[in-house]
Amino acid sequence: QVRLVESGGGLVQAGGSLRLSCTASGTIRSFDSMGWYRQHPGKQREPVAGITSGGRTNYSDSVKGRFTISRDNAKNTVYLQMDSLKPEDTAVYYCNADLILLVLGYPRKYDYWGQGTQVTVSS
């Protein structure tokens, strides 16, 4: 069974740093695009950062210059390095990935979500 497992969330003071990890477990042929989203209480999930299979990255304006997304294809893992954290970064962070699986010998792309990890930034 393929799934995404996140780790690295927690409580940090404003100005501090955290690194989130998201690892895909199961039989996976390869990754396509991967990304991180977050959801504030009572609000819709919003994109934070994304990275393509070729390594091209994009960020929301609210985190640009403070967060860095990266990937390690050998480890089936995507990371989100979060620096200069602010109280408004407090949210549940979700990993998202387009995974390529072999189905009856043919590659097929599927969209997966992690279970979410809480990030809390105190002022």
Efficiency of FRET from Cβ geometry, residue 44 and residue 108, R₀ 22 Å, rounded to 0.05: 0.20
Built amide H within the under 5 Å cut-off of residue 31, gap 5+: 100
Share of carbon and sulfur in the accessible heavy-atom surface of the chain [1.4 Å probe, %]: 47 percent
Computed E for residue 74/residue 123 - FRET, C-beta separation, R0 30 angstrom, nearest 0.05: 0.20
Debye intensity ratio in log₁₀ form over the Cα atoms of the chain, taken at each q of 0.16 Å⁻¹: -0.72
Additional length obtainable on full extension of the chain from residue 81 to residue 57, 0.36 nm per residue less Cα span: 7.3 nm
Accessible area of the stretch 1-49 divided out per residue, in Å², using a probe of 1.4 angstrom: 57 Å²
Alpha-carbon centroids, the stretch 39-78 and the stretch 1-33: separation in whole Å: 11 Å
In Hz, Karplus ³J(HN,Hα) per residue of the stretch 90-105 (6.51, -1.76, 1.60; θ = phi - 60°; x = Gly, Pro): 4, 4, 8, 9, 10, 8, 9, 8, 8, 9, 9, 10, 8, 10, 6, x
Anchor residue 109: lysines whose Cα lies under 28 Å away (excluding residues fewer than 8 positions away in-chain): 75
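The values are calculated or read from the model by the stated rules, or taken from the named source; none is laboratory data. Everything numeric here is computed off the predicted structure, so don't read it as measured data. Reconstructed Cβ throughout: ideal geometry from the backbone, glycine too, with neighbour counts over all protein chains shown. Quick note on the areas: whole protein, heavy atoms, side chains included, nothing else; ligands and nucleic acids left out. Shrake-Rupley method; radii C 1.70, N 1.55, O 1.52, S 1.80 Å.
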